[in-house]
1. Does any residue of the range 35-54 turn out to be assigned to a helix (DSSP H, G or I), in contact (Cβ under 8 Å) with a residue 12 or more places away in the chain, over 20 Å from Pro104 (Cα atoms) and hydroxyl-bearing (Ser, Thr, Tyr)?
2. Which of (1) of a type outside the set (Lys, Arg); (2) surrounded by 19 or more Cβ atoms within 10 Å (Cβ to Cβ); (3) farther than 26 Å from Leu217 by Cβ; (4) in contact with a strand residue (DSSP E or B) (Cβ under 6 Å, 6 or more places away or on another chain) does Val246 not meet, given it meets every other one?
3. Here is a list: Leu177, Leu206. Which entry is crowded, with 21+ Cβ neighbours inside 10 Å, farther than 21 Å from Glu289 by Cα and either touching a strand residue (DSSP E or B) at 6+ places or on another chain (Cβ under 6 Å) or in contact (Cβ under 8 Å) with a residue 60 or more places away in the chain (or both)?
4. Residues that are under 30 Å from Lys4 (Cβ atoms): which strands (runs of 3 or more DSSP E) entirely in the range 180-292 hold 1 or more of them?
5. Pick out the one residue from Ala192, Ala185, Ala197 that is touching a residue at least 24 places away in the same chain (Cβ under 8 Å) and within 17 Å of Gly26 (Cα to Cα).
6. Enumerate the pairs (first residue in the range 231-243 and touching a residue at least 60 places away in the same chain (Cβ under 8 Å); second residue anywhere and assigned to a strand (DSSP E or B) and among the hydrophobic types (A, V, I, L, M, F, W, C)) with beta-carbon separation below 7 Å, excluding pairs fewer than 6 apart on the same chain, so at least 6 apart or on different chains.
7. Of all residues in the range 14-34 being under 19 Å from Asp60 (Cβ atoms) and part of a loop (DSSP other than H, G, I, E, B), which is nearest to the chain's Cα centre (by Cα)?
8. Quickly run through the range 95-112 and pick out the residues that are buried (at least 20 other Cβ atoms within 10 Å of the Cβ) and touching a strand residue (DSSP E or B) at 6+ places or on another chain (Cβ under 7 Å).
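Rule-based calculations on the coordinates, nothing more; no lab input. The model shown is predicted, which means the values in this text are computed figures rather than measured ones. Cβ sites come from the backbone with ideal geometry, for glycine too, and all protein chains shown count toward neighbours.
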Amino acid sequence: MPGKILIIGADSEIAGAATQHLAAHGHKVVATTRRPERVAAHRPFLDLTQQVEAWPIPDDITTACLCAAIARLADCARDPEASARVNVSGTIALADRLLAHGIPVLFLSTDKVFDGSRPNVPADAPPCPLSEYGRQKATAETALRERMATGAPVAILRLAKVVSPGMDLLRQWLASLAAGKPIRAFHDMHMAPTPVALVAAAIESLLAGPVSGIFQLTGPRDVAYSEVAQHLARALGADQALIEMVSAIASGQPEGSTARHTTLDSSALRKHFGIAVPEASSVIDALIETCR
């Protein structure tokens, strides 16, 4: 791909992995940061809460991926106005500016635009969010789909739970179980874990076209966090009695965090690019090896 790829919000876990993946595959990457101490030659400063209309787009950008977001459900619920400045108004303003310069845009979205009442939700299903975060992402999606409908080069990639090597929660659980200490795991919170390396590969594939449309990437099946804890205990030969199953709702988790289903129909990425997420057990087994 000629020119440079622009990654917006490289301080996030997904964006950091995508930046490394793209660079390792020979792409030139410029990745923005909102942390002044991290500014460098190929890491310009950008804060979506500020006016982006005057932000100097780096030279030779040929495509962009919008990763920046306030993604914690509790943070969005606590301050909807501030989070919407990043997740909605700032994101759309930047997307419009990039599109006006002829730069295709890939927007990262979430399963939280749905209510989690059904598995493997089709990409064209109407949004029905429960959380403030989901509502903000759905609003941004609506605006971008309007641009898409006029022929603008816009793509949306929806994700659910993305997991990375050395995942903190699993590392803590493994250490506790190995020491014979109890752990607490939610029985009413679910995930369809997706390795961050596959997300980075999907981002590369969607930027390479570039393509327009809505794409989705999750694991094929939901598992409760308590099931993951049980899987860890079996892998370690630890006592299952060490796992205390607790309720996420009773523990005060924010609205929208306990959806029964987080899976999305990911067939388009499998069909067009051969990208598919393995079963949860395989993903967890691979994570265990990075967390020991």
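1. If we filter the range 35-54 for residues that are assigned to a helix (DSSP H, G or I), which is where we start, we get 36-38.
Of the ones still in play, those that are also in contact (Cβ under 8 Å) with a residue 12 or more places away in the chain are 38.
So of that shortlist, the ones also over 20 Å from Pro104 (Cα atoms) come out as 38.
Next, from what is left, pick out any that are hydroxyl-bearing (Ser, Thr, Tyr): none.
No: zero hits.
2. Exception for Val246: condition (2).
3. On the way: Leu177 fails: farther than 21 Å from Glu289 by Cα.
Only one candidate passes the filter, namely Leu206.
4. Numbers: elements: 183-186, 213-217, 243-246.
Hits in the range 180-292: 213-217.
5. Values: Ala192 fails: within 17 Å of Gly26 (Cα to Cα); Ala185 fails: within 17 Å of Gly26 (Cα to Cα).
Ala197 is the lone residue from the list that is touching a residue at least 24 places away in the same chain (Cβ under 8 Å) and within 17 Å of Gly26 (Cα to Cα).
6. The qualifying pairs are Leu242/Ile183; Ile243/Ile183; Ile243/Ala185.
7. Thr32
8. Ala95, Leu98, Pro104, Val105, Leu106, Phe107, Leu108, Ser109, Thr110, Asp111
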